[in-house]
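Notes for the one structure printed next.
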Amino acid sequence: MSNPLNSHEIQLRVRYAETDQMGMVYYGNYAQYFEVGRVEWLREFGVSYKSMEDEGILLPVVSLNVRYKKSARYDDLIKVKTQLVKMPSATIEFDYEITNESGEILTLGNTVLVFIDVNRNRPTRCPKYLLDKLQN
């Protein structure tokens with residue numbers, strides 16, 4: 001996670017419903033934290049998932065990797081750092097780092113998403129307006 005220009009951080013409070021009987025975040029919820037990070041990363045560039053969908057572009061996840069280091073717990077304030085791995089083409093790839101208030105790394109992750117043209121139901125290139133924003 002080296003280029004700060006293509007990085008975004010957001011803080012979230014762990015909700016009770018996101019935890020298991022032991023008060024720890026249920027493992028499947030980390031993918032949702034990554035999604036929040038991605039959505040806010042895009043919003044930082046003035047792009048929303050909704051606007052892309054309205055223009056006929058979908059972004060399904062085709063790969064998800066997670067490394068669990070420590071557990072987040074109910075009511076913890078966590079930080080989700082989202083980092084673009086490389087300039088998008090027909091795919092876009094992100095790395096994630098989730099830390100607690102002490103700065104300890106809790107979870108590391110990576111997702112790859114593919115740009116899909118909804119009218120053709122086929123992969124397509126990253127929209128030019130997003131590439132233009134990333135290059136500025």
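Some points to look at:
- Verdict on Arg67 being touching a Ser or Thr at 6+ places or on another chain (Cβ under 9 Å), closer than 20 Å to Val25 by Cα and among the charged types (D, E, K, R): yes
- Counting only strands (runs of 3 or more DSSP E) that sit wholly inside region 35-114, those with at least 1 residues that are without any contact (Cβ under 8 Å) to a residue 60 or more places away in the chain, farther than 25 Å from Gln21 by Cβ and of a type in the set (Asp, Glu) are 91-99.
- Per the conditions (1) of a type outside the set (Ser, Thr, Tyr); (2) under 17 Å from Leu134 (Cα atoms); (3) exposed (fewer than 12 other Cβ atoms within 10 Å of the Cβ), the sole criterion not satisfied by Leu42 is (3).
- Each residue in region 4-19 was checked for being over 16 Å from the mean Cα position of the chain (by Cα) and either modelled with pLDDT under 95 or of a type in the set (Ser, Thr, Tyr) (or both), and 2 pass.
- Meets criteria (exposed (fewer than 12 other Cβ atoms within 10 Å of the Cβ) and closer than 15 Å to His8 by Cα) for Lys86: yes
- Taking the numbered list (1) surrounded by 16 or more Cβ atoms within 10 Å (Cβ to Cβ); (2) in contact with a helix residue (DSSP H, G or I) (Cβ under 9 Å, 6 or more places away or on another chain) in turn, Val118 passes all entries but (1).
- Restricting region 1-31 to residues that are in contact with a helix residue (DSSP H, G or I) (Cβ under 8 Å, 6 or more places away or on another chain) and in a helix (DSSP H, G or I) leaves a set whose member that is surrounded by the fewest Cβ atoms within 10 Å (Cβ to Cβ) is Asn29.
- Filter result (charged (D, E, K, R) and either touching a Leu at 6+ places or on another chain (Cβ under 7 Å) or under 15 Å from Asp75 (Cα atoms) (or both)) within region 18-35: Glu18, Asp20
- When residues of region 33-84 are limited to those that are at positive phi and not charged (D, E, K, R), the one modelled with the lowest pLDDT: Gly46
- Criterion applied to Arg120, Arg125 was being farther than 30 Å from Thr19 by Cα, in a loop (DSSP other than H, G, I, E, B), free of Cβ contacts under 8 Å to residues at least 24 places away in the same chain and more than 14 Å from the chain's Cα centre (by Cα), and the one residue passing it is Arg120.
- Test: residue in region 70-84 that is aliphatic (A, V, I, L, M) and in contact with a Lys or Arg (Cβ under 7 Å, 6 or more places away or on another chain): yes
The values are calculated or read from the model by the stated rules, or taken from the named source; none is laboratory data. Bear in mind that the values here come from a model prediction, so they are computed numbers and not experimental data. Reconstructed Cβ throughout: ideal geometry from the backbone, glycine too, with neighbour counts over all protein chains shown.
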